[in-house]
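A short write-up of the structure that comes next.
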């Protein structure tokens, strides 16, 4: 399986995917990394991993449709099977969504459907939740609304700031995203409407997470 | 501290609270159990625990305000400090909310703010989440919108039905609700706007929960 990764910034999830492919915990290959911002660390990470890196500055395109068309062409040129968004800060239009229907994944720093959109960690703190987390989902036309593959939960501490909570969630993102892609590459992901089935998964119904104050 | 519990049905959370008080893991006393439905198991549980049980059939009152007024009088007669809803199937009106402002707790079978209202477990399954849970919160004028004290997360399995997931969540409800009431009785709960602080809680930032398929 050949993966195309879209990134806009630091690319720590990109790095987790590159590492997973290098160690073969993801049985797939990163075929191309596409960035829309020049000079970002994500581009350097691709180059360090000897993966083709393509810069497509979105401002150079007259509209989103033209930008999307170029994204699709670039992904197709590199014979990409699965597109992974890794901190890609552009909304995807119907051109890309149709070309890779149900073959685009994203990771979001909340337990969706709670806190979709921007500043998810800040939203969670403002809402006063005691359990937060991250979600790997299939991208559809909505904002963070597509079918959910994997979620992981972390506690929220009274002392948390947006930075400390985001960092705790990011550790889980780096576990979840490579794992979700590996399951995809192994052909174990079945999308049935809004529900996703993972074939061959061992049940672990006794595994729980609680607010930190539940047992102290 | 004296607790008043409002229940409408089986009352398994009521039982967990009664047991917590009996074993002194909750340093408080159940002063009264009030039911709005005759003959339900919750009334029997109260009687078995030798706790005053009061039946207030809501149909006997001309409107919600009169019913609420009688609830308040009954709670005050029993010198209740904290009201706990345990499967109480009536909406509370402003009369009760004002009389016990920020002194009413509820437990809800979802990780709020996701899936408020009726059939929360069914809502979670329909949405295809991989992590579900329960929430103990302070009751305000909204539907399951008040400040959150404690949450616990459980995995959702591909094989789950509404019944199996509800049962897995209920196990956590029976842990969370007594614990939240104990923290309240110990004077460790501080409500600051929408956020709740639990004083003296030990941080456990490394505790996480993941979808069952994350590691298998």
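Considering the range A:116-131, the residues that are without any contact (Cβ under 8 Å) to a residue 40 or more places away in the chain and farther than 17 Å from residue A:91 by Cα include one that is farthest from the other protein chains (Cβ to nearest Cβ), namely A:123. When you scan the range A:96-124, how many residues do you find that are surrounded by fewer than 21 Cβ atoms within 10 Å (Cβ to Cβ) and more than 24 Å from residue A:185 (Cα to Cα)? Of the residues in the range A:96-124, 7 are surrounded by fewer than 21 Cβ atoms within 10 Å (Cβ to Cβ) and more than 24 Å from residue A:185 (Cα to Cα). Every listed requirement among (1) surrounded by 14 or more Cβ atoms within 10 Å (Cβ to Cβ); (2) under 17 Å from residue B:185 (Cβ atoms); (3) touching a helix residue (DSSP H, G or I) at 6+ places or on another chain (Cβ under 8 Å) is met by residue B:25 save one, (1).
Between A:175, A:204, the distinction of being more than 15 Å from the chain's Cα centre (by Cα) and either at pLDDT below 95 or not in a strand (DSSP E or B) (or both) belongs to A:204 only. Take the conditions at pLDDT below 95, in contact with a helix residue (DSSP H, G or I) (Cβ under 8 Å, 6 or more places away or on another chain) and outside the structural domain of residue A:11 (by TED's automatic domain parsing) and apply them to residue A:141. Does it pass? In short, yes.
Using the structure shown, decide if residue A:188 is more than 7 Å from every other protein chain (Cβ to nearest Cβ) and surrounded by fewer than 23 Cβ atoms within 10 Å (Cβ to Cβ). Taking the combined requirement at face value, the residue satisfies it.
Results for (1) within 9 Å of chain B (Cβ to nearest Cβ); (2) in contact with a helix residue (DSSP H, G or I) (Cβ under 9 Å, 6 or more places away or on another chain); (3) over 19 Å from residue B:156 (Cα atoms); (4) without any contact (Cβ under 8 Å) to a residue 40 or more places away in the chain, shown as yes or no for each residue.
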site	(1), (2), (3), (4)
A:157	yes, yes, yes, no
A:163	no, yes, yes, yes
A:169	no, yes, yes, no
A:172	yes, no, no, yes
A:180	yes, no, no, no
A:194	yes, yes, no, no
A:197	yes, no, no, yes
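Condition check for residue A:153 on (1) without any contact (Cβ under 8 Å) to a residue 60 or more places away in the chain; (2) more than 10 Å from chain B (Cβ to nearest Cβ); (3) within 18 Å of residue B:127 (Cβ to Cβ): one failure, at (2). Among the residues making up the range B:132-150, those that are assigned to a strand (DSSP E or B), closer than 16 Å to residue A:127 by Cα and facing chain A (nearest Cβ under 7 Å) are B:148, B:150. Step by step: first the residues of the range A:44-63, then only those that are in contact with a strand residue (DSSP E or B) (Cβ under 6 Å, 6 or more places away or on another chain) and in contact (Cβ under 8 Å) with a residue 24 or more places away in the chain, then the one that is surrounded by the most Cβ atoms within 10 Å (Cβ to Cβ). Which residue is that? Ranking the candidates gives A:46 first.
The values are calculated or read from the model by the stated rules, or taken from the named source; none is laboratory data. Being a predicted model, the structure only gives us computed values, none of them experimental. Note that each Cβ is placed from the backbone with ideal geometry, even for glycine, and that neighbours are counted across all protein chains shown.
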